[in-house]
Amino acid sequence: MANRDLDGLVVDANLTIPRSELSYKATRAGGAGGQHVNTSSTRIELLWDLERSASLGDDVRERLTAKLASRITADGFVRVVSSERRSQTQNRIAAEERLVDLVRRALVVPKKRKPTKPSRAAKEKRLADKKRNAERKKNRRGDPYI
């Protein structure tokens, strides 16, 4: 479960998304549920204004904009939808958790790969295998002058 705070959503030690920057829209959810689903607006759409967020530095904003590009609307909002649960409150919590998880994963910087060289033993083994293979093929050939 996401770290919930009255003031905001805690992503990590350095980032908390203030609740004042979040907006919620409740709509009718589709799918199974009988008459209940036709009368209650339990589907939650959570919008976070990434471009105008005061809680982000420029470098973090650029990283999130690049990583979450498919989830950002034309207006610059990150959009998360939840309609799995039967109540609006549960869907609101689920949408918040999903947003925190998305942002947390987008902030992870992958380790840079260190190029390595083959060891001396590996080089010698490769050359020995090459020689063995060449010798094997040479032995397959018959002497054409016999």
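Tabulated results
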| quantity | calculated |
| --- | --- |
| Residue ID - nearest to Arg61 (Cα to Cα), chosen from residues in region 8-39 that are modelled with pLDDT under 70 and in a helix (DSSP H, G or I) | Val37 |
| Failed item in (1) over 19 Å from Arg43 (Cα atoms); (2) modelled with pLDDT under 90, with Pro115 passing the rest | (2) |
| Yes/no for Ser82 being free of Cβ contacts under 8 Å to residues at least 40 places away in the same chain and within 15 Å of Leu9 (Cβ to Cβ) | yes |
| Output for region 86-120, where each listed residue is among the basic types (Lys, Arg), in contact with a strand residue (DSSP E or B) (Cβ under 9 Å, 6 or more places away or on another chain) and surrounded by fewer than 17 Cβ atoms within 10 Å (Cβ to Cβ) | Arg98, Arg104 |
| Filtered residues of region 40-80 (kept if of a type in the set (D, E, K, R) and assigned to a strand (DSSP E or B)) | Arg43, Glu45, Asp49, Arg79 |
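The values are calculated or read from the model by the stated rules, or taken from the named source; none is laboratory data. The structure presented is a predicted model; accordingly, all values stated were derived computationally and were not measured. Note that each Cβ is placed from the backbone with ideal geometry, even for glycine, and that neighbours are counted across all protein chains shown.
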